[in-house]
Every structure is written in C-alpha cells, then in structure tokens.
Amino acid sequence: MRILTVLGARPQFIKASPLSLALRQQHQEVLVHTGQHYDYGMSDVFFEELGILPPDYHLGVGSGPHGAQTGAMLEAIEEVLQKERPHLVIVYGDTNSTLAGALAAAKLHIPVAHVEAGLRSFNRAMPEEINRVLTDHLSTWLFVPSAAASDQLAAESLRTGVHIVGDIMYDALLVQRARAESRASLVDQFHLHAKQFYLATIHRPENTDDRNRLAAIFQGFEALDKPVVLPLHPRTSKMLRQFKIQPGQNVKCLEPVGYLDMLKLQCQAACVLTDSGGVQKEAYYLRVPCVTLRRETEWIETVAAGWNVVCGTDPIRIVETVQRMAQCPAAHSDLYGDGTAAQKIVQILEAGRP
C-alpha cells in the first residue's frame with residue numbers, strides 16, 4: 001500500500017513513531033509535515049529522538065489564525081495528494097493539521113484513517129473539539145483508544161470502521177522509556193531531587209490567552225510546597241510577556257524539551273500539573289499523580305481510576321488538589337490497551353475493509 005501520513009504538531013510526532021515504523025516494514029509511507037510546529041524544540045528534535053525519517057514534504061505553513069492556518073494546510077495537502085495518489089491517508093489526534101489532512105483527502109475521495117478517534121471534551125469552545133468531531137465524521141477507519149471512545153462514536157451514529165486498538169502513545173512510551181530513564185536529569189541544574197518537585201505544562205489557548213486564568217495558574221504554582229519545573233511552550237512564553245506576568249521564584253522555567261527529557265522529568269516528578277491531553281496519559285502510564293488545569297478532560301478513564309483530577313485554574317483549588325493527590329490509589333489497570341496499537345492498526349488496514 002501507498003500511505004500518506006499528515007503530521008504537524010509535537011504530540012503527533014510521538015504518536016506516529018511506532019506506527020510509521022510498523023507501516024514501513026511492508027508498505028510505502030509518504031510523510032507530510034504541515035509545519036504547524038516548526039521550531040527545533042517543538043519539531044525537529046522529536047524526529048531525531050524517535051527515529052522518524054525526515055518528511056517527504058514540509059509545507060512550512062507555520063502559525064496563524066485557525067481559519068487561515070487550516071486553509072493554507074488544506075490547499076497545500078491537496079496538491080500533495082493529487083501528486084502522490086495514495087491508497088489512504090492517516091491523521092492523528094485533534095490539531096488543525098488533523099482536520100486539514102482529513103478534509104483534503106475526503107474531498108478527493110481518498111479514505112481516511114483517524115488514529116485516536118472518539119475522544120470528546122464536550123467543550124465546543126476548544127478548537128481541538130471541533131477538529132475531533134469533524135475528522136471522525138470524515139474518516140473511514142476510526143482507531144479508538146478505549147471502549148468509552150467507541151461508545152461515544154456509537155452515540156453519534158458512527159459504528160462502521162470503529163476499532164478499539166488502544167493508545168498509540170502507550171506504544172511509544174514502552175519503546176522509549178528505558179532510553180528516557182537513562183538520561184541525565186534536567187532538574188540537576190536546579191539542585192532538585194526525584195519526587196521533590198512538580199512538573200507543569202501549559203499551552204492551551206483557553207489558559208494562555210486569558211490573562212486572569214494564566215495569572216491564577218502561576219499564583220497556584222507559587223503557593224505549592226515544592227518547586228515547579230515548567231518547560232515553556234512558545235505560546236505560553238509569548239503570552240507571559242504580553243500580559244506582563246512574571247513567574248515567581250517557586251517556578252523554574254525551561255526551554256521546550258524533547259520527548260525523552262520530558263519522560264524523564266515526568267518519571268521524577270511528585271505530581272504533574274498540565275492542560276495537555278498527552279501528558280495526562282503519560283503521567284498515568286508512569287504512575288505519577290496528575291492535576292489537569294482545565295474544566296474538562298477527554299481522558300475520563302484516568303479520572304475514574306483516581307490518578308487524575310480535573311481542577312481548573314483557581315489557585316486555592318490547585319494547591320488543595322495537589323496536596324490531596326499526594327497519595328494515589330494502588331490500583332492501576334491497563335486503561336488503554338497493551339502497547340500493541342500500531343500492530344493492530346497495520347493488520348486492520350491490510351485487511352482493506354473498514
């Protein structure tokens with residue numbers, strides 16, 4: 001088969017690494033990078049660390065308003081599809097790159113496979129939620145990480161082509177964890193010790209683009225009983241400067257880090273505070289308590305299991321929740337499969353029918 005894969009953002013590079021390796025054993029993969037994440041710390045380092053071959057096409061779209069960015073991607077991906085004529089297109093997750101790839105393929109009557117389908121936050125104010133819903137309804141194959149995601153698609157009358165394969169990010173973590181744990185720790189420069197700091201990530205517009213929410217998060221960080229290590233997303237860094245918010249002495253800011261360094265930091269953290277979907281899952285896999293700095297989460301199973309709490313951005317509640325999460329339940333089940341999602345996806349695609 002000739003398969004075209006569309007990627008554009010950091011989480012998608014992680015998700016693509018195990019599936020790209022599995023596909024290329026017997027099939028031809030054409031890799032398209034939209035350029036949604038384009039600097040070294042958010043893009044190139046992931047290709048290098050995860051062993052992903054350089055993209056066949058780099059569209060260089062970059063950042064911008066959602067409509068303009070998605071439109072530029074759509075036009076450029078359509079040209080590539082017309083040239084390459086793949087048998088199918090694979091998209092991942094919920095970014096503008098995901099929607100642009102699915103829409104361009106669907107309009108050219110090329111089947112779409114959506115990896116990480118069926119997730120819902122039920123918050124239509126999130127651009128990611130719009131991207132998820134539309135991509136699912138455009139796709140021929142819907143590869144879901146859990147039974148809950150499958151049930152959600154059924155509730156939307158999407159039953160054909162739905163396959164519960166587990167979480168592709170778990171595949172990547174199992175492959176890379178030993179390499180990550182062998183690395184020197186970035187926290188050494190701050191003279192911290194394992195389980196004596198918290199790790200935070202903030203990048204979603206609902207937090208970064210709202211001055212009050214962003215300020216409240218940092219107030220909460222400053223009031224915590226342990227230092228907070230924060231790899232700064234470029235958007236977060238920009239908005240801190242724009243809003244003139246100065247992180248306090250309890251917050252240790254880093255430049256964006258690669259996948260392996262991020263796993264190492266998560267392994268060593270006493271608790272993770274994040275608005276990232278992928279980091280919530282990784283924290284669960286690594287058995288690290290997680291506090292989600294949002295009003296909702298797509299990864300509802302981690303909350304039900306007691307390892308994740310949806311906290312919002314109130315500083316008092318952040319502190320109370322982190323203290324409460326100091327002890328997580330001993331029970332820890334395989335919520336999202338056994339780490340063989342890539343193999344299952346390849347087998348299903350090779351069967352040639354939804």
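The values are calculated or read from the model by the stated rules, or taken from the named source; none is laboratory data. Worth saying up front: this structure is predicted, and the values here are computed from it rather than measured. For neighbour counting, all protein chains shown are included, and Cβ atoms are generated from backbone atoms with ideal geometry for every residue, glycine included.
Some observations on this one:
- Candidate set from segment 125-151 (those that are of a type in the set (D, E, K, R) and under 16 Å from T95 (Cα atoms)); member that is farthest from the chain's Cα centre (by Cα): D136
- Whichever residue in segment 251-290 is part of a strand (DSSP E or B) and more than 16 Å from the chain's Cα centre (by Cα) and, among such residues, is modelled with the lowest pLDDT: L254
- Residue check, Q36 in a helix (DSSP H, G or I), under 29 Å from L263 (Cβ atoms) and either in the same structural domain as P256 (by TED's automatic domain parsing) or in contact (Cβ under 8 Å) with a residue 40 or more places away in the chain (or both): no
- Flag for R183 being under 28 Å from G51 (Cα atoms) and touching a helix residue (DSSP H, G or I) at 6+ places or on another chain (Cβ under 8 Å): yes
- Residue in segment 208-228 that is under 17 Å from the mean Cα position of the chain (by Cα), in a loop (DSSP other than H, G, I, E, B) and in the same structural domain as G306 (by TED's automatic domain parsing) present: no
- Some residue of segment 327-347 being assigned to a helix (DSSP H, G or I), surrounded by 22 or more Cβ atoms within 10 Å (Cβ to Cβ) and in contact with a Pro (Cβ under 6 Å, 6 or more places away or on another chain): yes
- Test set (1) under 18 Å from F143 (Cβ atoms); (2) in a helix (DSSP H, G or I) - E29 fails condition number: (2)
- Considering residues of segment 186-207 that are closer than 14 Å to R294 by Cα and part of a strand (DSSP E or B) only, the residue farthest from the chain's Cα centre (by Cα): A200
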